[in-house]
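The values are calculated or read from the model by the stated rules, or taken from the named source; none is laboratory data. This one's a predicted model, so the numbers in the text were calculated from it and none came from an experiment. Heads up, the Cβs are rebuilt from the backbone with ideal geometry, glycines too, and the neighbour counts pull from every protein chain shown. Just so you know, the surface numbers come from the protein's heavy atoms only, side chains and all, with ligands and any DNA or RNA stripped out. Shrake-Rupley method; radii C 1.70, N 1.55, O 1.52, S 1.80 Å.
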Amino acid sequence: MESRLEQAAALGQKDKGPAFISLINEIISRQDQSTVVQDLQTLVGFVVNHESVGLVVGRQVLSELVRIVGDGTISDPEVRKRVVQETIETAQPKIVSYEEQVSNLRFQLADIFENEEEWSDAARVLTGIQLDSNQRSLPDGEKMRVYVRIVRLLLEEEDSVQAESYFNRAQLLVHSTSDKETLLQFKLCQARISDYSRKFLEAASRYHELSFVADIDEEERRHMLMAAVTAAVLAPAGPNRSRVLASLYRDERTSELPTYNILSKMFLDHILRPAEIKEFEGTLKPHQLAKIAISSNDRVATSTNDEEISNPNDPPISTRTAPATVLDRAVMEHNLLASSKIYHNISFRGLGALLDLTPGAAENMARKMIEQGRLRGTIDQVDKLIWFEGNREEDDAQGKAGGLGEVEEAEDTGAPFTKRWDAQIRITAANVESIVQHLTERGLVRVPVQA
């Protein structure tokens, strides 16, 4: 091999390139493939490092090798991978002279690793490509395509931190391309990064938006719709999440999902039971089951006084001082919000029993939600009660929509609890009237005719 390389190098400048390329074809076409990798690397090392070959011939030979490897002439995938890896390693010290050829080889190696589902290796190979080099200028659209691919590979490996850094680079170039596939992949990466960053409301909205795109496969759209429901369930309870839940609940496709039960209960403000939570937990990904660090406020909230403990009629006190996971927090906040629709007030200890938290921790959670505007109510620390404030305008609207027409307002007695009780009776009567009318229209209730 050495002698043949020397003979090729001794030829005229026009004949050197064809001679080395002919030698490449001869090596690859051998019946015995055991020495292909070694001989090719000997040839590449000679062409790249030998001064008599010259830069022009070296680029010509290396470009032809890149083409041959990319065309699939080497049938053995393991041999092909080794050829690409060792060629990159040999040419890397002369990257300034052979940047285009090495970059193309890196794309091929990334394809090989991706087909083998070696996501981190594929991403590492792509990050080694110099996209902003002075020697080789790439259009912004091509740069964005590479960045999006790196982000997608890192997310497959669940490396969301590094993925976000490359996503930020892609975001600066998003207006430079009109390629539908690249833009769809960008939007999907955006939704997944929001998911990994625990920005569940953003993730749910973006997943739901993508689930309507006709260019995406039907099964993939179903997965995105399920991801939207999961993210919405894990989002912090409050008005914003209620809007997202309403949008998903009204989507006819969600009724076919296995997570529809928990979606409907959350939308209807029903309290979730442990068995339902356990079933939903089985559908979550590892990052959605991440542990939550206990804050200093949560530690302070662990204390309970002796008077509460000594009262035998009160419910037992839990020993949990804070939610342990993202799912725990989402369920506890939802149950707290659901309880505000049922009760006018609740004691710290009763709320703690409902949420499986210490009374202090339950009060702490309610306080945070009230401060953030996600729960309407007040806290009475003297009587250890949480008072919930209902939406009076909504209640009045419901009372007039049940078939009773306009309801005459009662005299203002100045007693808020009496007015609230009267409103409850009015709403219940209106709902019963509405149900009876609905059943009568369907012929399910017959009114007896008097003789």
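Report the extension gain between THR35 and ARG169 in nm, rounded to one decimal, defined as 0.36 nm multiplied by the number of residues separating them, less their alpha carbon distance. Don't jump to the answer; show the numbers that get you there.
Values: separation 134, 0.36 × 134 = 48.24 nm, distance 4.25 nm.
Length difference between fully extended and current span is 44.0 nm.
Once the Cα atoms of region 15-156 are picked out, what are the Rg and Dmax in Å?
15.5, 48
Given contacts defined as C-alpha pairs under 8 Å and at least six residues apart, what's the relative contact order of the chain, whole-number percent?
7 percent
What number, in percent, do you get for the relative contact order of region 142-290 if the mean sequence gap of Cα pairs under 8 Å and at least 6 apart is divided by its residue count?
Across region 142-290, relative contact order equals 16 percent.
Three principal axis extents, largest first, for the C-alpha atoms of region 1-91, in Å?
35, 23, 19
At a temperature of 25 °C and a viscosity of 0.890 mPa s, determine how fast region 20-72 diffuses translationally according to Stokes-Einstein, using the Kirkwood radius over alpha-carbon pairs as Rh; express D in µm²/s, rounded to the nearest whole number.
215 µm²/s
Please give the direction-averaged projected area of the C-alpha convex hull for region 116-271, in square nanometres with one decimal.
Result: a mean projected hull area of 10.5 nm².
Please give the per residue accessible area of the chain, computed with a probe of 1.4 Å over protein heavy atoms only, in Å².
Using a 1.4 Å probe on heavy atoms only, each residue of the chain averages 55 Å².
For region 139-224, what is the relative contact order in percent, using Cα pairs closer than 8 Å and at least 6 residues apart in sequence?
Numbers: 82 pairs, mean separation 21.2, N = 86.
Computed value for region 139-224: 25 percent relative contact order.
Round to a whole number: what % of the accessible area of region 211-288 belongs to carbon and sulfur, probe 1.4 Å?
52 percent
Need one number for the chain: average projected area of the convex hull over its C-alpha atoms, nm².
Values: hull surface 143.3 nm².
Projected over every direction and averaged, the Cα hull of the chain covers 35.8 nm².
What is the Cα coordinate range of region 91-141 on the first, second and third principal axes, sorted by size from largest, in whole angstrom?
On the principal axes, region 91-141 reaches 32, 27, 13 Å in Cα extent.
Roughly speaking, what is the centre-to-centre gap between region 93-117 and region 197-247 when only Cα atoms are used, to the nearest Å?
After rounding, the separation between the Cα centres reads 37 Å.
Among the lysines, which fall within straight-line cross-link reach of LYS265, defined as a Cα-Cα distance under 18 Å, with same-chain neighbours fewer than 8 residues apart omitted?
LYS278, LYS341
Treating the beta-carbon of each Lys and Arg as +1 and of each Asp and Glu as -1, no other charges, what is the dipole magnitude of region 1-160 about its Cα centre, to the nearest 20 debye?
660 debye
Would region 72-169 count as rounded, prolate or oblate if I go by the C-alpha gyration tensor, calling it rounded below 1.5 in a/c and otherwise prolate when a/b exceeds b/c, oblate otherwise? Don't skip to the end; give the middle numbers.
Values: a/c = 2.10, a/b = 1.15, b/c = 1.83.
Judged from the Cα gyration tensor, region 72-169 comes out oblate (a/c at least 1.5, b/c at or above a/b).
Taking every Cα atom in region 339-385, find the radius of gyration and the maximum pairwise distance Dmax, and write them in Å.
9.7, 24
Given region 214-280, report the % of alpha carbon pairs whose separation exceeds 17 Å.
That fraction is 39 percent.
How would ASP215, ASP140 line up by accessible area, probe 1.4 Å, largest first?
Putting ASP215, ASP140 in descending order of accessible area: ASP215, ASP140.
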